[in-house]
1. In the list Val295, Val336, which residue meets the criterion of being under 26 Å from Lys371 (Cβ atoms), open to solvent by 10 Å² or more (accessible area, probe 1.4 Å), of a type in the set (A, V, I, L, M) and at pLDDT 95 or above?
2. Could you grab the pairs with beta carbons closer than 6 Å, sequence gap of 6+ or different chains, first residue in segment 234-251 and touching a residue at least 12 places away in the same chain (Cβ under 8 Å) and closer than 23 Å to Asn296 by Cβ, second one within 16 Å of the ligand (Cβ to nearest atom) and of a type in the set (Gly, Ala, Ser)?
3. Go through segment 236-335 and tell me which helices (runs of 4 or more DSSP H), entirely inside it, have 2 or more residues that are among the acidic types (Asp, Glu).
4. If you go through segment 297-318 one residue at a time, do you hit one that is within 13 Å of the ligand (Cβ to nearest atom) and either free of Cβ contacts under 8 Å to residues at least 24 places away in the same chain or touching a strand residue (DSSP E or B) at 6+ places or on another chain (Cβ under 7 Å) (or both)?
5. For segment 110-131, indicate whether the set of residues that are away from the ligand (no atom under 16 Å from the Cβ) and modelled with pLDDT of 95 or more is non-empty.
6. Taking Ile220 as the residue in question, decide whether it is β-branched (Val, Ile, Thr), away from the ligand (no atom under 16 Å from the Cβ), crowded, with 16+ Cβ neighbours inside 10 Å and under 24 Å from the mean Cα position of the chain (by Cα).
Amino acid sequence: MLPDIKSLTREELDRQFKAWNEPAFRVAQLLDWLYVSRATEWDAMSNLPKALRGKLRENFSLKILELVRQQGTPDTTRKFLWRLADGQFIESVLIPANAALYGEASDRHTLCISTQVGCAYGCKFCASGLNGLKRNLEPHEIIEQVLAVERWHEKEPRSTPPAEPGPEAPQPKSKPDAPRLINNLVIMGMGEPLANYENLIQALKILNAPWGGGIGARKITISTSGLAPQIRRLAHEPFQFRLAISLHGATDAVRDRIMPVNKKYPLRELAAACDDYQKLKGRMITLEYILIAGVNDALAQTYPLAALAKRFYAKVNLIPYNPVEGLPWQRPSEEVCAGFLAALEKQDVTATLRQEKGRDIDAACGQLRLKTEQELEAQLKTEAAE
Ligand code: SF4
């Protein structure tokens, strides 16, 4: 199988073009086609000589994601289901103009992307882990989620709210320095990002580079369910990515119940890794906390949660649970969620309660994929029976 061209950094392409005796400016032209024009076929790269296009075609693939399903409305979260080249499905979620989410107030389009097909970590409340891990995503498959959403947006210009005039407004795509539609990335979709460490870092290098995605490191949030050794490894990377911990329980008793990863890396160890991360990076950590009725929503839980938040100078994102078909967990009432938030605030913790925008679109991570796989399976069974 050929490596995909979008899994390569500029340095790697420079080396390849040098070996082919191609002038250096050709790399810049190629990168322009890949990340500015978002070309989907070699023949579209009209300013590259035909012979060079031939060499590229022989040595690299240029795979794109196939949009299978798309759900949502112009003013809400949009969910995309993509088919990969080997027929597997992954999801990405576009969250427009959500100032209060992960970045600063100017963020206009946040994209939540997947890093694996399925997940091995089996959190009890999550649809992504229900059928286990199928495989890691390659760097180009992580990157393509951004490019594919931007291609979709170009074709449907009125499908998300128009950007206000100013520095964030999309420019004609022919401008090499045009800002991207996606200016904020959250690595929190299907899969445990830090379990696909090398491919994730390679993809983020490319998405962060000015010649690639051009998304600032501080606008990229990596989330983990708590892989302590990889958190320490991430601390040594030369990037200022943001770190979010999918905590969902502030005691071992709660995390053990809903997150098997806690048996391997209990809170003590996770917290020590976060301490080390902060010492090296000096960066604020975000704590993600899905509120699940009767599991982690008691006011008593706000005390250990507040203690952790203060230890890490962390902001807490409270997310009311999106029920998953076939799983027993429920979303707490609005009053319970508001009470939980108020109790944290009373303890001087910075916290937000996410106004869920995706409740009606199978928004819980992995649900759309699961539904589509089940439908396809049923269809195959019906066809076989006929
Ligand atoms: S919550 Fe994240 S780590 Fe846990 S099973 Fe789902 S995708 Fe995997």
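1. Val295
2. Taking only residues 6 or more apart or on different chains, the pairs are Ala244/Ser223; Ser246/Ser223; Ser246/Ser225.
3. 252-258, 267-281
4. Taking every residue of segment 297-318 in turn, none turns out to be within 13 Å of the ligand (Cβ to nearest atom) and either free of Cβ contacts under 8 Å to residues at least 24 places away in the same chain or touching a strand residue (DSSP E or B) at 6+ places or on another chain (Cβ under 7 Å) (or both).
5. no
6. Against the criterion (β-branched (Val, Ile, Thr), away from the ligand (no atom under 16 Å from the Cβ), crowded, with 16+ Cβ neighbours inside 10 Å and under 24 Å from the mean Cα position of the chain (by Cα)), Ile220 qualifies.
The values are calculated or read from the model by the stated rules, or taken from the named source; none is laboratory data. Remember, it's a predicted structure, so these values are computed and weren't measured experimentally. So basically every Cβ, Gly included, is an ideal-geometry build from the backbone, and we count neighbours across all protein chains shown. The accessibility values were calculated without ligands, DNA or RNA, using every heavy atom of the protein model including side chains. Shrake-Rupley method; radii C 1.70, N 1.55, O 1.52, S 1.80 Å.
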